[in-house]
Amino acid sequence: IIIVATLIDRSPLLLLSGLGAMSAVLLLVYKDTLLSFVASVQLTSNDMLHVGDWIEMPQVGADGDVVDITLHTVKVQNFDKTLVSIPTWRLMSESFRNYRGMQQSGGRRIKRSLFIDAAGVRFLTREEEQRLSQVQLLSDYLAGKRQELQNWNEALGPVADLSANRRKLTNIGTFRAFALAYLKNHPNVHPNMTCMVRQMQTTAEGVPLEIYCFTTTTVWADYERIQGDIFDYLLAVLPEFGLSLYQQPSGNDMRVGLAGRTAAEPMPRRIEDMSEA
């Protein structure tokens with residue numbers, strides 16, 4: 001700078017101010033390009049994004065597969081076949097979810113709760129224990145549990161005569177054991193990943209029993225089919241344990257109550273019939 005200033009007979013401060021102004025203009029004009037270039041280098045070096053990855057970025061409306069990565073933009077095809085172009089620099093400055101790890105693991109998580117009506121939770125009767133012991137998935141569990149409870153109650157001595165002191169099998173606990181055994185024997189539930197049925201904190205909607213497991217496939221359609229089959233069966237088998245699913249009163253429930261009928265009885269088709277009833 002000093003040599004050039006001497007040759008053109010100008011002050012070095014003038015050259016420095018000119019370079020500063022030029023740099024400011026260049027940075028302003030090529031801001032997105034420079035940010036995108038740096039972001040592209042970081043995405044590549046950190047192995048954060050590939051073509052074909054399923055990413056989710058709600059703040060820009062992206063939820064689908066990456067179809068193209070350029071210097072300035074990343075193009076995502078959503079599952080509804082719409083296209084979203086995301087500036088590359090936003091993928092570094094904001095968070096996004098990449099499902100590549102899930103796809104590479106070979107299993108996709110199921111995490112959904114059944115809300116059991118708390119009014120139906122109770123101890124099992126001796127007849128119900130005998131009937132449920134014939135269920136193949138419960139036979140070993142009930143045999144071991146009965147022996148455990150028998151040893152516990154015998155150790156109490158004379159106070160074991162009081163019902164409050166004795167341990168008993170509950171219908172919700174037995175159902176939880178059945179659901180876990182069902183999942184572990186399901187051919188489409190991954191045997192080497194976490195599998196459990198846990199009871200969550202009771203809420204106004206009932207007692208949540210959370211199903212937590214992984215399927216053996218990551219294909220979306222197959223995953224939804226497997227998840228639906230599991231919950232279809234668990235919902236249908238609930239009455240076998242004297243349990244029911246919590247459900248807020250619907251319009252039909254109100255009509256049944258006003259008509260003075262039970263839920264199993266047919267409803268009248270006309271309001272006049274209801275008034276007569």
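Every number here is computed from the coordinates shown, using simple stated rules; none is lab data. Source: prediction; values computed, not measured. Note that each Cβ is placed from the backbone with ideal geometry, even for glycine, and that neighbours are counted across all protein chains shown.
Quick notes on this one:
- Cβ-placed point charges (K, R +1; D, E -1), dipole of the stretch 52-98 about Cα centre in debye, nearest 20: 120
- At q = 0.14, 0.15 Å⁻¹, base-10 log of I(q)/I(0) for the stretch 1-140 (Debye sum, equal scatterers on each alpha carbon): -0.80, -0.85
- Cα coordinate range in the chain, projected on the principal axes (Å, largest first): 110, 64, 36
- Alpha-carbon Rg with Dmax, taken over the stretch 126-168, Å: 11.9, 35
- The stretch between Phe79 and Asn185 holds 34.9 nm of extra length on full extension. This uses 0.36 nm per residue minus the Cα-Cα distance.
- Calculated Rg and Dmax of the stretch 52-98 using C-alpha coordinates, Å: 9.4, 26
- Helical segments meeting 15 Å axial Cα length and Kyte-Doolittle -0.5 threshold in the chain (DSSP H): 12-29, 31-45, 171-184, 220-237
- Exposure here means at most 12 other Cβ atoms within 10 Å; with trypsin sites (Lys or Arg not before Pro) in a DSSP loop as sites, the longest stretch of the chain lacking them is 82-268.
- Label zone at Ser95, where the point sits 7 Å out along the Cα-to-Cβ direction: the stretch 55-74 residues whose backbone N lies under 14 Å: 56-59
- Averaging the Cα positions of each part gives two centres, and for the stretch 164-226 and the stretch 41-76 these lie 35 Å apart.
- Between Ser23 and Glu127, full extension at 0.36 nm per residue minus the direct alpha carbon distance yields a gain of 28.8 nm.
- Dipole of the chain, positive direction: furthest Cα of Ser11, Leu114, Gly157, with charges on the beta-carbon: Gly157
- Average projection, convex hull of the Cα set of the stretch 132-208: 7.3 square nanometres.
- Magnitude of the charge dipole for the chain, about its Cα centre and with charges confined to Cβ atoms of Lys, Arg (+1) and Asp, Glu (-1), is about 460 debye.
- Ala119 paired with Leu258, simple spin-label distance in nm, labels 7 Å along Cα-to-beta-carbon: 2.0
- Approximate spin-label separation Met48-Ser139, in nm, with each point projected 7 Å along Cα-to-Cβ: 5.6
- For the chain, adding -39500 (n - 2.57) for each run of n ≥ 4 DSSP H residues and dividing by the number of residues yields -13500 deg cm²/dmol at 222 nm.
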